[in-house]
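Student: Sharing a structure, written as structure tokens. Questions coming.
Bear in mind these aren't lab numbers, they're just calculated from the coordinates by the rules spelled out. Everything numeric in this text was worked out from a predicted model, so none of it was measured. Methodologically, a virtual Cβ is constructed for each residue, glycine included, from the backbone with ideal geometry; neighbour enumeration extends over all protein chains shown.
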Amino acid sequence: MKRIKLLSLFMLGFAVFLVACDSGDNTGAIAVVSREEGSGARGAFEELVDVNTEEANTMTDAAIIQSGNGVVAGFVADNQAAIGYISFATFIERGDALVGLYVDGVEPTTANMLSGAYTLVRPFNFVYMPENIGIVEEAFIAFAASTDGLAILEGLGAVVDTSGAMAFHSSDWDLPAQTIAFGGSTSTEATATALMEEFTALFPQVEITYNASGSGAGIVGAQEGTYALGFASREIRDTELESGIHVVQYCVDGIVIVVNPANTVTNLTVEQIRAIYLGEVTDWSEVQ
Amino acid sequence: MDVEIKLTKKRAFSEKLFHALFLSAGLFAVICVTAIIILIFTRGSRPFMPGNEYGTYHFFNFLTGTFWRPAFGEYGVGYMIIASLFATFGAMLLGVPIGILTAVFIAEVAPSWLAKIMQPTVELLAAIPSVLYGVFGFAVIVPMINNFTPNPTGYSLMAVILVLTIMVLPSIVAISVTSLRAVPTHYKEGSLALGASHIQTIFKVLIPGAKSGILTAVVLGVGRAIGETMAVILVAGNPESGVPTSIFDPVRLLTTNIVLEQGYATGLQAQMLFATVIVLFTFILAINLTLSKIRKKAVRI
């Protein structure tokens, strides 16, 4: 008896493997993939598409969670029914195995992201009050806009406008020993600190701190003078501009919605993307 | 006389030195375990204590909750506990019979040249880093399940079970082979002499004789399956809610939950990840207690 039980268990296991080799087709139902809670790409996506911003619009339970842009790209490349979102930089690297959807009829390209025609972007800005700016801050602003600064930002996956950018020569600047404070958005922290590290490597006498306190707090901090530069991962509102702050958009954070090359869908509206991630639309036939 | 005393002194010193060396080596492991336990339990219990700086969470809601949504302050690991148990049980259901039959084949049935090739091959499975199993599952098993699953993706409990099945094989096979070979030869001879066939002898005499060793192998396999992380994170799907109702449903396991979010988590979320570790640790502790019980029983026989 025991032997029969064991054997049948074994056969059952083997049958599972055999069934696994059988093929079928299921391109109908949408396979939704998202990044893990806390990732920068997820934060940008949720904010831009308005998913998971409140309890009423939580993401669908069916969403597969994968860690890393590359893993999401692999997921979509392998699954004909998949939809996912990745940073623009990953899309450029892995684009040949994926299709980046047009959003509201606009193709995800560097030019469209910089012009704002492609809507799944958020600007990375820093703001400052002209009267709070000294030579050290001026040097930093010049560095951020230089080819050297833009290369750092591009390396982090940001979309940058390199036209008209010039090289940065540290010998042109004679900076005093000084400690200055930056602060603002948590989303801009990675790009800001990368620029800061390179900058302070060029000028060891300068020390810069970054306080990740949120976009709003960054702007208020710049207005009040607590931060020399305040960083914000959103557009600056008119009411905020009234105080006379200057705004510099130093790069753009772009999100690309990707599907499998076998998928016939090439364009989705932001509303359709939202409906898919909320679980209101679950089949590709509903968005053809 | 003088020389002898010196030598004794020298000997006594080196005896003491090595005694201290052994003691500190042993203490190192004990200190590590103690430090880990203290860290996990102090950090992990904080969110359930009144007056926690990030707010108090009800332990019952934590254990039975089926939503993990840090953005809204919902931290339920109930569905992960169920998924971890299902995954482990499933891997045992497939892995134990395959493992035991493989062990019987190697120990009893196979010609010795084949056994000499097979055993190291199976044991090599244990040496492969677990992330490679994950990559294999990601590249082969998940697309395979894609072909016939009723769900849109192959990321599923089934993918986890298949990956874990392969991973638990080496420990089950290795220990089972050893314990099958340890069954006294005269048991086998007696059985054959009484007219039982070779196969009858295997199932009626050898396997029952190696029972405690095989049980140990199974419990070790359970421990490996429930604690495995890197291999399953790539194939599980890791959804943020939902108790698995079918083998094709994506699952989030206790281990993958911790790894996915540890890199970013701050505040209450970070504390909750430590609380998840407590749950996992409790399972591992239970498994180890079972193991030592089995071993004690085996010694008595």
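Student: So what is the orientation-averaged projected area of region B:103-251, using the convex hull of its C-alpha atoms, in nm²?
Tutor: On the way: hull surface 43.1 nm².
Here the figure is 10.8 nm², rounded to one decimal.
Student: Another question, then. Among the GluC sites (Glu not before Pro) within region B:1-100, which fall in a DSSP loop and have no more than 11 other Cβ atoms within 10 Å of their own Cβ? Don't skip to the end; give the middle numbers.
Tutor: Working: sites: B:E4, B:E15, B:E53, B:E74; in loops: B:E53.
Counting only loop positions with at most 11 other Cβ atoms within 10 Å, the GluC sites (Glu not before Pro) in region B:1-100 are B:E53.
Student: Separate question: Shape verdict for region A:123-252, please, from the Cα gyration tensor: rounded (a/c under 1.5), prolate (a/b greater than b/c) or oblate.
Tutor: Working: a/c = 1.58, a/b = 1.21, b/c = 1.31.
Judged from the Cα gyration tensor, region A:123-252 comes out oblate (a/c at least 1.5, b/c at or above a/b).
Student: Take the alpha-carbon centre of region A:105-170, take the same for region A:45-61, and report the distance between them in whole Å.
Tutor: If we compute the Cα centre of each part, the gap is 28 Å.
Student: Which value in deg cm²/dmol, rounded to the nearest 500, describes the helix-derived mean residue ellipticity at 222 nm for chain B, given -39,500 (n - 2.57) per DSSP H run of n ≥ 4 and division by the residue count? Could the numbers behind the result be given before it?
Tutor: Numbers: 13 runs with 208 residues, N = 301.
My calculation for chain B gives -23000 deg cm²/dmol from helical runs alone.
Student: Separate question: For the protein assembly as shown, with the dipole built from +1 on Lys and Arg beta-carbon atoms and -1 on Asp and Glu ones, taken about the Cα centre, which of B:V104, A:Q249, B:Y75 lies farthest toward the positive end?
Tutor: Comparing the listed Cα positions along the dipole, B:V104 ranks first.
Student: Per residue Cα convex hull volume for region B:2-48, in cubic angstrom?
Tutor: On the way: hull volume 1.8 nm³, N = 47.
Considering the Cα atoms of region B:2-48, their hull volume per residue is 39 Å³.
Student: So, one more: Which value, in debye to the nearest 20, describes the size of the charge dipole of region A:174-284 about its Cα centre when Lys and Arg Cβ atoms bear +1, Asp and Glu Cβ atoms bear -1, and nothing else is charged?
Tutor: On the way: 3 positive and 14 negative charges, 29 e Å.
Around 140 debye, computed over region A:174-284.
Student: Once every Cα of chain B carries one equal point scatterer and solvent is ignored, give the base-10 log of I(q)/I(0) from the Debye formula at q = 0.10 Å⁻¹, two decimals.
Tutor: At q = 0.10 Å⁻¹ the computed log10 ratios are -0.71.
Student: Count, for each residue of B:233-239, the Cβ atoms from other chains sitting within 10 Å of its Cβ, then give me the mean as a whole number.
Tutor: Details: counts 4, 5, 0, 3, 8, 7, 9.
Partner-chain Cβ atoms within 10 Å, mean over residues of B:233-239: 5.
Student: Also: Could you give the C-alpha radius of gyration of region A:59-203 expressed as a fraction of 2.2 N^0.38 Å, taking N as the number of residues it contains?
Tutor: Its radius of gyration relative to the 2.2 N^0.38 Å reference: 1.28.
Student: Expressed as an acute angle from 0 to 90° and rounded to the nearest 10, what is the orientation of the C-alpha long axis of helix A:189-202 relative to the principal long axis of chain A?
Tutor: 50
Student: If the chain between A:V287 and A:T119 were fully stretched, how many nm would it gain, using 0.36 nm times the residue separation less the Cα-Cα distance?
Tutor: Details: separation 168, 0.36 × 168 = 60.48 nm, distance 1.90 nm.
Difference between extended and current length: 58.6 nm.
Student: Could you give the longest part of chain A that holds none of the GluC sites (Glu not before Pro) found in DSSP loops with at most 10 neighbouring Cβ atoms within 10 Å?
Tutor: Of all site-free stretches, the longest is A:55-241.
Student: Right, something else. Checking a compactness column here: for the protein assembly as shown, what do you get for Rg(Cα) / (2.2 N^0.38 Å), N being the number of residues? Could you put the intermediate results ahead of the total?
Tutor: Details: Rg = 30.3 Å, N = 589, 2.2 N^0.38 = 24.8 Å.
Dividing the Cα Rg of the protein assembly as shown by 2.2 N^0.38 Å gives 1.22.
Student: Give me the inter-chain shielding for A:56-68: mean count of other chain Cβ atoms within 10 Å, whole number please. Could the numbers behind the result be given before it?
Tutor: Details: counts 0, 0, 7, 5, 4, 9, 9, 7, 11, 14, 8, 8, 0.
The per-residue average across the peptide is 6.
Student: Same structure, new question: Could you work out the helix-only [θ] at 222 nm for chain A, with each DSSP H run of four or more residues adding -39,500 (n - 2.57) and the total divided by the number of residues, to the nearest 500 deg cm²/dmol?
Tutor: On the way: 11 runs with 110 residues, N = 288.
Helix-only estimate at 222 nm: -11000 deg cm²/dmol.
Student: Further question: Please state, to two decimals, what the Cα-based radius of gyration of region B:150-223 comes to when divided by 2.2 N^0.38 Å (N = residues).
Tutor: Values: Rg = 17.3 Å, N = 74, 2.2 N^0.38 = 11.3 Å.
Rounded to two decimals, the normalised Rg is 1.54.
Student: Here's something else I'd like to know. When Cβ neighbours within 10 Å are restricted to other protein chains, what is their mean count per residue of peptide B:66-75?
Tutor: Mean number of neighbouring Cβ atoms from other chains: 3.
Student: Would you check the protein assembly as shown for Lys pairs whose C-alpha atoms are within less than 24 Å, ignoring same-chain pairs closer than 8 in sequence, and give me the count?
Tutor: For the protein assembly as shown, qualifying lysine pairs total 18.
Student: By the scheme Lys and Arg +1, Asp and Glu -1, what is the net charge of all other residues having a beta-carbon under 9 Å from that of B:N238?
Tutor: Values: positive: B:R252; negative: A:E36, B:E240.
In short, -1.
Student: Quick one: angle between helix A:2-21 and the longest Cα principal axis of chain A, in degrees between 0 and 90, rounded to 10, please.
Tutor: It is inclined by approximately 60 degrees.
Student: So, one more: Over chain A, consider all pairs of different Cα atoms and compute the Kirkwood hydrodynamic radius from their mean reciprocal separation; express it in Å, one decimal.
Tutor: Values: mean 1/r = 0.0469 Å⁻¹.
By the Kirkwood definition, the hydrodynamic radius is 21.3 Å.
Student: Ok, one more. Mind listing the phi-derived Karplus ³J(HN,Hα) values for region A:277-288, rounded to whole Hz, using 6.51, -1.76 and 1.60 with θ = phi - 60°, and x for any glycine or proline?
Tutor: Taking θ as phi minus 60°, the curve returns 6, 7, x, 7, 10, 10, 10, 4, 4, 6, 10, 5 Hz for region A:277-288.
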